[in-house]
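K.L.:
Please see the structure below; I have some questions.
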2 protein chains.
Amino acid sequence: MTEKKFLTLSTSYTTINGAEIKQPVVAYEEYGNPDGPVVLLCHGGLSNQHAADITDVDPAPGWWDKLVGSGNIFDTDKFRILSLNALGSIAGTSSAITIDPDTGKPYGKNFPYITMEDMARFTKQALEDLGVEKVFWAAGLSMGSLLLLNLAVLFPDFVGAITPVATSAYMTSGGIAIHNVFINSIQNTPGWQSGKSDSFDVRNAVMVMSQMSKVYYTHYSLYEKMTEGMTDQLAKEKQLSDYLMAGMEAYADGHDANCVIACLRACNSYNLANGFSSLDEALGRLNMPALVINVDTDPEFPPHYGRELVDGINAHYPGLAEHVIIHSINGHLGCVLEGEQLKAAMEPFKVGLLQSI
Amino acid sequence: MTEKKFLTLSTSYTTINGAEIKQPVVAYEEYGNPDGPVVLLCHGGLSNQHAADITDVDPAPGWWDKLVGSGNIFDTDKFRILSLNALGSIAGTSSAITIDPDTGKPYGKNFPYITMEDMARFTKQALEDLGVEKVFWAAGLSMGSLLLLNLAVLFPDFVGAITPVATSAYMTSGGIAIHNVFINSIQNTPGWQSGKSDSFDVRNAVMVMSQMSKVYYTHYSLYEKMTEGMTDQLAKEKQLSDYLMAGMEAYADGHDANCVIACLRACNSYNLANGFSSLDEALGRLNMPALVINVDTDPEFPPHYGRELVDGINAHYPGLAEHVIIHSINGHLGCVLEGEQLKAAMEPFKVGLLQSI
């Protein structure tokens, strides 16, 4: 059953840089068999924990609807499936928009800088408070894939298997570049600079970011498909402009500039080598089965990054990690939209995991 | 000698849609042998007519410095080289920032909507006023490649040979999409909507566009190269953010929002089929040698568009058009930066043209 849940953690969370987040809250969804092995699903950076719409409780589509359900990859008959909103993200977990217990007001800009390692450590703490002794299988996409990889490197005994999708062992430079365009476009507004992160111009910057995301996180062939058979250039211009503008107000309503920046900067910070002497040392800790998936047209996580990750793991444990590249006209968003290909890639991996129980 | 020149045209220019631009001005540069065959160079959409810095008169680098000079591809000993600022663009030719003779004030938002066909027809009129009876060879990149192709289709007897670089027979849908992100980001500002196109927020939108351009018009491998050997994510983040922010104020000083929109919309309008019964009919008019060049990593003009153009010409004149794909880590900007590869591709084409004189 899809249900929005909240849990106040048993202790404060202290960030890598020493900031204390008091009475931290995790927002999450839970599906499936409460007594089954735990599957952890991890969402993308501008998304939230609504991985699946498997009942009528929340009719919004989930990002991995095609993969969650009875008899599906993330089988609600077999698994206890937990999908947690990441630390700093907007959908209920402690973030810039939640209340700072010290002031009684939302943190806003005072929410501490967090790294991907913070997102991973916070996730571990939250899962323990949710009674999870071990994650049977962690899967996720984009930012979520980085989070679960960091979780597995920090706590290899806590994670039984991993499926990062649209991923890398460290944040890609192309991804940092586009994130910084988004961050700069928000931070250069007068509203932001005068401390009004809810001002019109900051909201406008978030809407521009939404349109920029639509282009960057897809692939030009999507636009070719959207205008297939059209020959009138003005009609194409209108069609594509309407598509870009569609849903912008709702997008701005659903995204807070501080939360956006927190997630983008956490992604920028991501490197599995952080805290270890080398990336090789970190990858040597990934002693669990790994199915690594990239999308061929993804400019943020081009497949060679996934290949490097898989080769790095297999250098320690030959054959333990597998790399699948899926083909998509959707660029980065292939990690959400190519459900059938994801299913085909994950099915034998799941069967192997279940046989090992 | 590099010299900034201006010419008031002998008659008004009337746009395809019937608007009259009175006392139109063309700004241009001229290099080389004034008695030689005419080479026309056509600039990109956010660029200007400064194709080459071949003397000390203007020390700014030209966009095709590597190709212009004594003994070079665009040989200043042999050719009369003309580089015209396109209609509607910012660098001196009639545009939103030039004076409307009827009001004595800059046109601003009242400058008429222009299409690529207008840019081409205006170029023809300007060249005639410059005493040009025939263009021996027209070459240009990005928007300039569209302009020269449109010129050649409209006036095939006026153009002897063409080398469009980063190009297509019609504006690509991916290109329209990114153009519309830029246009929307400007037009959604309160400044724009209240008629103040020089307001702070419009200027800010132009700066954001500059950063988006840096990412969109390059390729992720450029950012990989810029951070090669770096392992500290915060250092990468700073390096890339600094790069994106570099030159933004100067960029905003050098670009007017109305002129930007005029050029982007003219590109959006581009389709060689416009005014003809079909694209095939239009391509059948391209009865001159054509060297068509695309960049393998260009998301705005992926090579298959150049291939379609070449195949379309060769269907009428087998072997008359040739397609070269150059390899670059610079994405779209490879059309400026890959000077050596452009030279290698253009040299035999030039030799062939000179032999035909």
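FYI, it's all coordinate maths here, none of it is from the lab. Keep in mind the model is a prediction, meaning the values are calculated, not measured. Cβ sites come from the backbone with ideal geometry, for glycine too, and all protein chains shown count toward neighbours.
K.L.:
Please list, in order along the stretch A:24-30, the HN-Hα scalar couplings obtained from phi with the Karplus expression 6.51 cos²θ - 1.76 cosθ + 1.60 (θ = phi - 60°), rounded to whole Hz, x for Gly and Pro.
P.N.:
x, 10, 10, 9, 7, 10, 9
K.L.:
What does the copy distance list look like for A:ASP280, label position 7 Å along Cα→Cβ, in nm and ordered from shortest?
P.N.:
Sorted ascending, the copy-to-copy spacings read 6.1 nm.
K.L.:
Once amide H atoms are built 1.01 Å from N in the peptide plane, which residues 5 or more positions from B:VAL25, or in another chain, come under 5 Å H to H?
P.N.:
Here B:LEU9, B:SER94 satisfy the definition.
K.L.:
List the aspartates and glutamates whose alpha-carbon lies under 18 Å from that of A:LYS124, not counting same-chain residues fewer than 8 positions away?
P.N.:
Filter leaves A:GLU20, A:GLU29, A:GLU30, A:GLU133, A:ASP157.
K.L.:
Place a +1 charge on the Cβ of each Lys and Arg in the protein assembly as shown and a -1 charge on the Cβ of each Asp and Glu, then give the dipole magnitude about the Cα centre in debye, rounded to the nearest 20.
P.N.:
Details: 44 positive and 80 negative charges, 114 e Å.
Dipole about the Cα centre, nearest 20: 540 debye.
K.L.:
So how long is each side of the stretch B:124-209 along the principal axes, counting just the alpha-carbon atoms, biggest first, in Å?
P.N.:
Rounded to whole Å, the extents work out to 48, 30, 18 Å.
K.L.:
Any chance you could list the semi-axes, whole Å, largest first, of the equivalent ellipsoid that the Cα gyration tensor gives for the stretch B:22-110, using √(5λ)? Mind dumping the intermediate values first?
P.N.:
Numbers: eigenvalues 167, 35, 20 Å².
Value: 29, 13, 10 Å, ordered largest first.
K.L.:
7 Å along Cα→Cβ for the label point: how many nanometres lie between A:LEU234 and each equivalent label in the other copies, listed shortest first?
P.N.:
5.5
K.L.:
Please compute the average number of Cβ atoms from other chains found within 10 Å of each residue's Cβ in peptide A:295-302. Provide the component values of the computation, followed by the final result.
P.N.:
Working: counts 0, 0, 0, 1, 7, 1, 1, 4.
That works out to 2 on average.
K.L.:
The stretch B:158-233: which trypsin sites (Lys or Arg not before Pro) are DSSP loop and have at most 15 other beta-carbon atoms within 10 angstrom? Provide the component values of the computation, followed by the final result.
P.N.:
Values: sites: B:LYS196, B:ARG203, B:LYS214, B:LYS225; in loops: B:LYS196.
Hits after loop and neighbour filter: B:LYS196.
K.L.:
Tell me, in nm to one decimal, what length is gained between B:GLU133 and B:HIS316 on full extension, where the rule is 0.36 nm per residue of separation less the Cα-Cα distance? Show your work: numbers first, answer last.
P.N.:
Numbers: separation 183, 0.36 × 183 = 65.88 nm, distance 2.60 nm.
Full extension from B:GLU133 to B:HIS316 adds 63.3 nm.
K.L.:
Among B:79-86, B:255-262, A:62-69, A:312-319, how do they line up from the highest to the lowest mean number of other beta-carbon atoms within 10 Å?
P.N.:
Details: B:79-86: 26.8, B:255-262: 23.1, A:62-69: 21.6, A:312-319: 14.9.
Packing proxy ranking, top to bottom: B:79-86, B:255-262, A:62-69, A:312-319.
K.L.:
For every helix of n ≥ 4 consecutive DSSP H residues, a contribution of -39,500 (n - 2.57) applies; sum these over chain B, divide by its total residues, and give [θ] at 222 nm rounded to the nearest 500 deg cm²/dmol. Walk me through the intermediate numbers first.
P.N.:
Details: 13 runs with 142 residues, N = 357.
Helices in chain B give a 222 nm mean residue ellipticity of -12000 deg cm²/dmol.
K.L.:
Could you go through the stretch A:177-185 in sequence order and give the Karplus-derived ³J(HN,Hα) for each residue, using 6.51 cos²θ - 1.76 cosθ + 1.60 with θ = phi - 60°, rounded to whole Hz, and x for Gly and Pro?
P.N.:
4, 5, 4, 6, 4, 4, 4, 4, 5
K.L.:
Measure up A:LYS66/A:LYS225; A:LYS236/B:LYS238; A:LYS66/B:LYS236 against 27 Å on the Cα-Cα distance and list the ones that go over. If you can, show how the numbers build up before the last one.
P.N.:
Values: A:LYS66/A:LYS225 22 Å; A:LYS236/B:LYS238 38 Å; A:LYS66/B:LYS236 36 Å.
Beyond 27 Å: A:LYS236/B:LYS238; A:LYS66/B:LYS236.
K.L.:
Within a 10 angstrom radius of each residue's Cβ in A:264-276, how many Cβ atoms of other chains show up on average? Whole number is fine.
P.N.:
On the way: counts 1, 3, 0, 2, 7, 5, 1, 5, 0, 3, 3, 0, 0.
That average works out to 2.
K.L.:
For A:ASP157 and A:GLN193, what does the FRET efficiency come to when R0 = 45 Å and r is the distance between their Cβ atoms, rounded to the nearest 0.05? Working shown, then result.
P.N.:
Numbers: r = 46 Å, r/R0 = 1.03.
FRET efficiency, A:ASP157 to A:GLN193: 0.45.
K.L.:
Moving to a separate point now. Distances in nm, one decimal, shortest first, from A:ASP102 to the same residue in every other copy, taking the label point 7 angstrom along Cα→Cβ.
P.N.:
6.3
K.L.:
Please list the equivalent ellipsoid semi-axes of the stretch B:254-326, computed as the square roots of five times the alpha-carbon gyration tensor eigenvalues, in descending order and whole angstrom. Could the numbers behind the result be given before it?
P.N.:
On the way: eigenvalues 135, 61, 18 Å².
For the stretch B:254-326, the semi-axes come out at 26, 18, 10 Å.
K.L.:
What does the protein assembly as shown give for Rg and for Dmax, in Å, if only its C-alpha atoms count?
P.N.:
Both quantities, over Cα of the protein assembly as shown: 27.9, 88 Å.
K.L.:
Another question, then. Working from the pairwise distances between different alpha carbons, so that the mean of 1/r is found and then inverted, what is the stretch B:206-327's Kirkwood radius in Å?
P.N.:
Working: mean 1/r = 0.0565 Å⁻¹.
The Cα-based Kirkwood calculation yields 17.7 Å.
K.L.:
Could you sort out which of B:LYS134/B:LYS350; B:LYS109/B:LYS214; B:LYS5/B:LYS196; A:LYS78/A:LYS343 sit more than 20 Å apart by Cα distance in this structure?
P.N.:
B:LYS109/B:LYS214; B:LYS5/B:LYS196
K.L.:
Assuming 0.36 nm per residue, please report the length gained on full extension of the stretch A:THR14 to A:ASP102 beyond their Cα-Cα distance. Don't jump to the answer; show the numbers that get you there.
P.N.:
Values: separation 88, 0.36 × 88 = 31.68 nm, distance 1.51 nm.
My answer for the length gained is 30.2 nm.
K.L.:
Kindly provide the GluC sites (Glu not before Pro) of the stretch B:1-101 that DSSP labels as loop, not H, G, I, E or B, and whose Cβ sees at most 16 other Cβ atoms within 10 Å.
P.N.:
Numbers: sites: B:GLU3, B:GLU20, B:GLU29, B:GLU30; in loops: B:GLU3.
Taking the stretch B:1-101 and a limit of 16 other Cβ atoms within 10 Å, the loop GluC sites (Glu not before Pro) found are B:GLU3.
K.L.:
Taking a quarter of the surface of the convex hull around the Cα atoms of the stretch B:50-175, what do you get in nm²?
P.N.:
On the way: hull surface 37.7 nm².
Over all viewing directions, the stretch B:50-175 projects a mean Cα-hull area of 9.4 nm².
K.L.:
Just to verify a number: FRET efficiency for A:ILE357 and B:GLU249, C-beta to C-beta distance, R0 = 41 Å, to 0.05?
P.N.:
On the way: r = 61 Å, r/R0 = 1.49.
Here the calculated transfer efficiency is 0.10.
K.L.:
While we're here: For chain A, compute the orientation-averaged projected area of the C-alpha convex hull (one quarter of its surface), in nm².
P.N.:
Working: hull surface 73.2 nm².
Value for chain A: 18.3 nm².
K.L.:
For the stretch B:176-263, take N as its residue count and report Rg(C-alpha) divided by 2.2 N^0.38 Å. The partial results should precede the final answer.
P.N.:
Numbers: Rg = 15.0 Å, N = 88, 2.2 N^0.38 = 12.1 Å.
Cα Rg divided by the expected 2.2 N^0.38 Å: 1.24.
K.L.:
Please list 3J(HN,Hα) in residue order for the stretch B:213-230, calculated via the Karplus relation 6.51 cos²θ - 1.76 cosθ + 1.60 where θ = phi - 60°; whole Hz, with x for glycine and proline.
P.N.:
My calculation for the stretch B:213-230 gives 4, 4, 7, 5, 8, 10, 9, 4, 5, 4, 6, 4, 5, 5, 10, 4, x, 7 Hz in order.
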